[in-house]
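Undergrad: Have a look at the structure that comes next, please.
The values are calculated or read from the model by the stated rules, or taken from the named source; none is laboratory data. Everything numeric here is computed off the predicted structure, so don't read it as measured data. Glycine gets a Cβ as well: all are built from the backbone with ideal geometry, and neighbour counts include every protein chain shown.
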């Protein structure tokens, strides 16, 4: 809307080839981030619809998609800023929009720690890890990662979500699930 309002005015940045290329790039980034977030969420919904809990891979991809979408939107906002002219420096919708985008990047879910933890799991550096809130926790030796369960029933071979469990105690029937 702002670009359309500024178009045709003297020395309007929005009428340049540079602006059009930056706008197209920003649009592609935004749509790509949205599509990936929707794809990840659709997989999670499918898993939850079967009564299973999410896997470590799904938890990782969810955190990564959220982090990616947040930083992509902030990057798109930075594309808008130079083209908005003085409208970007006055109190108003663009100013508020840019401040909100900057604030979103300060949230813990957008932190470098979450991004590093996603990379650790995806690269295989911590394959026997699980998520506890926003921390990727290693599973101690002799314990297995619980990766999902249907209705919290534990039977041999069932997938159990969350923390690690003692595999030997489980085999003997002496392990209890801690939720």
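Undergrad: For the range 7-30: of the residues being in a helix (DSSP H, G or I) and over 32 Å from the mean Cα position of the chain (by Cα), which is modelled with the lowest pLDDT?
TA: Restricting to residues being in a helix (DSSP H, G or I) and over 32 Å from the mean Cα position of the chain (by Cα), the top hit is 13.
Undergrad: Among the residues of the range 139-148, are any modelled with pLDDT of 90 or more, surrounded by 12 or more Cβ atoms within 10 Å (Cβ to Cβ) and either more than 30 Å from residue 27 (Cβ to Cβ) or not assigned by TED's automatic domain parsing to the domain that holds residue 52 (or both)?
TA: No: the range 139-148 contains no residue that is modelled with pLDDT of 90 or more, surrounded by 12 or more Cβ atoms within 10 Å (Cβ to Cβ) and either more than 30 Å from residue 27 (Cβ to Cβ) or not assigned by TED's automatic domain parsing to the domain that holds residue 52 (or both).
Undergrad: Another question, then. Of the numbered conditions (1) modelled with pLDDT of 85 or more; (2) outside the structural domain of residue 136 (by TED's automatic domain parsing); (3) surrounded by 14 or more Cβ atoms within 10 Å (Cβ to Cβ), residue 91 fails exactly one; give the number of that condition.
TA: That leaves (3) as the condition not met.
Undergrad: Can you tell me which residue in the range 86-108 is nearest to the chain's Cα centre (by Cα), limited to those that are in a helix (DSSP H, G or I), within 23 Å of residue 28 (Cα to Cα) and in contact (Cβ under 8 Å) with a residue 12 or more places away in the chain?
TA: Going through the qualifying residues, I end up with 104.
Undergrad: Let me ask you something else. Can you pull out every residue in the range 33-80 that is free of Cβ contacts under 8 Å to residues at least 60 places away in the same chain and not in a helix (DSSP H, G or I)?
TA: Those that are free of Cβ contacts under 8 Å to residues at least 60 places away in the same chain and not in a helix (DSSP H, G or I): none in the range 33-80.
Undergrad: Of the residues that sit in the range 112-124 and are free of Cβ contacts under 8 Å to residues at least 60 places away in the same chain and in contact with a helix residue (DSSP H, G or I) (Cβ under 8 Å, 6 or more places away or on another chain), which one is farthest from residue 69 (Cα to Cα)?
TA: 117
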